[in-house]
Amino acid sequence: MTEPRLFPDRAVIRLSGEDRSSFLQGIVTSDLTQLNAAPALFAALLTPQGKILFDFFIVKEDDALLIDCRKEAADALMKRLTLYKLRAKVGLEIAEDKQVIISDSEIAGGFADPRHDKLGWRAIISDGGYSTDTEYNARRIALGVAEFGEDFSSDEMFLTDVNYDVLNGVNYKKGCFIGQEVSSRMKRKGDARRRSILATFDGPAPDKGAPVTAGGSTLGEIMSSADGRAIALIRMDRWEKAQSDSAAVECAGKALHLQIPDYLKTE
C-alpha cells in the first residue's frame, strides 16, 4: 500500500459545543489535554467494571472534535455518548461527509497511528475517489495489535487483555474516567493474566474462537487471523507453565508458535 486507501469499515462522529473536550475528558481513557500537542489520540470507552465498550481515535477539527470509530458500532457509540452528556453543552452527529483513509506513508493533514509506528498514517477527509484498502488487517495482525470489532466485541475485554495499556490507549495519570478505578487497580497490581500475542501456523489459522491448548490445559483462543498469522488471547501463566513442561501448543489439531509482540516485550 503506497497510495492512501479508503477504510470503509470506519465512521466519523462529530462533537461540537463548548463542553466537548471536558465532556470526553471525564469519560474516555485518554487525556484530552494532550490534543494540544498531539494530532490524535487513541482511546476507549469502558464499562464501570473496566471492560471495553468501544475504541476510537480522537482528532481536532477547528471548533469540533472528530471520533474515528468502527462503522458498525457508530450508532451504539452515539447512543452511549448521548446518555452520558446530560446537560453538557455538546452536539453529537454522525459526520456523513467524512471518510477515513490510511497509508503507509505520511498523509497531509493526517496523523501517525498512535498505537504502533508500523501501522502507518490515517486521515479524516471529505473528498472521495480512493480505492478500498485490502491490506491493513493483515499488517495489524502481523504486528499483534488487537482491534475492537475484529478481535473482540463490547464488554468482553479489559484494557490489559488487548494490550491497550501499552498501545497508548489509556493514561492512568489523567484522573477520573469511566472504569478508571478497576483499570488502575489492575495496572497497579500487575494483574494482567491475559495478553493478546502472536500465533503463527504452517498454513491457514483455525477459525476465530478456536481454543489454544497445551498439555491438556486451555491457554486461550484464536481471535482475528490472516496469512497463517493470528492474534491469540492467552493466559500468560498457563503458557509459562506449558513452556516449563515442554508441552506442545496446539489449536484445532494444528501446531502453532506463540510469540510476544515486540512492543509488549519492552513493557
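Based on the Cβ-Cβ distance of SER105 and ALA255, what FRET efficiency does E = 1/(1 + (r/R0)^6) give at R0 = 41 Å, to the nearest 0.05? Efficiency, from the Cβ-Cβ distance: 0.65. Electrostatic bookkeeping for ALA64 treats Lys and Arg as +1 and Asp and Glu as -1; over the other residues with beta carbon under 10 Å from its beta carbon, the sum is -1.
Counting neighbouring beta carbons within 10 Å and listing from fewest to most, the residues PHE54, PHE177, PHE111 come out as PHE111, PHE54, PHE177. Protection proxy ranking, highest mean first, for peptides 193-200, 206-213: 193-200, 206-213, where packing is the per-residue count of other beta-carbon atoms within 10 Å, averaged. Mean sequence separation of contacting Cα pairs (under 8 Å, at least six apart), scaled by the length of segment 193-265, corresponds to a relative contact order of 39 percent.
Across CYS176, CYS69, CYS251, mean-square fluctuation computed from a Gaussian network of the chain (C-alpha pairs under 10 Å connected) peaks at CYS176. Summary of packing: across the peptides 13-20, 124-131, the per-residue average of other C-beta atoms within 10 Å ranks them, highest first, as 13-20, 124-131. Electrostatic bookkeeping for GLN34 treats Lys and Arg as +1 and Asp and Glu as -1; over the other residues with beta carbon under 14 Å from its beta carbon, the sum is +2.
Overall, the ratio between the Cα radius of gyration of the chain and 2.2 N^0.38 Å, rounded to two decimals, is 1.03. For n ≥ 4 DSSP H runs only, could you compute -39500 (n - 2.57) per run for the chain, divide by its residues and tell me the 222 nm figure to the nearest 500? Helix contribution divided over all residues of the chain: -5000 deg cm²/dmol. Averaging 1/r across all pairs of distinct Cα atoms in segment 193-265 and inverting the result yields a Kirkwood radius of 11.9 Å. Cross-linked pairs LYS98/LYS187; LYS173/LYS265; LYS51/LYS241; LYS79/LYS173; LYS89/LYS187; LYS85/LYS208: Cα-Cα separations exceed 25 Å for LYS98/LYS187; LYS51/LYS241; LYS79/LYS173; LYS89/LYS187; LYS85/LYS208. Sequence-distant contacts, meaning Cα pairs under 8 Å at least 6 residues apart, place the relative contact order of the chain at 20 percent.
All of the numbers you see were taken from the coordinates with simple rules; none came from a lab. The structure presented is a predicted model; accordingly, all values stated were derived computationally and were not measured. With ideal geometry, Cβ positions are generated from the backbone for all residues, glycine too; neighbour counts draw on all protein chains shown.
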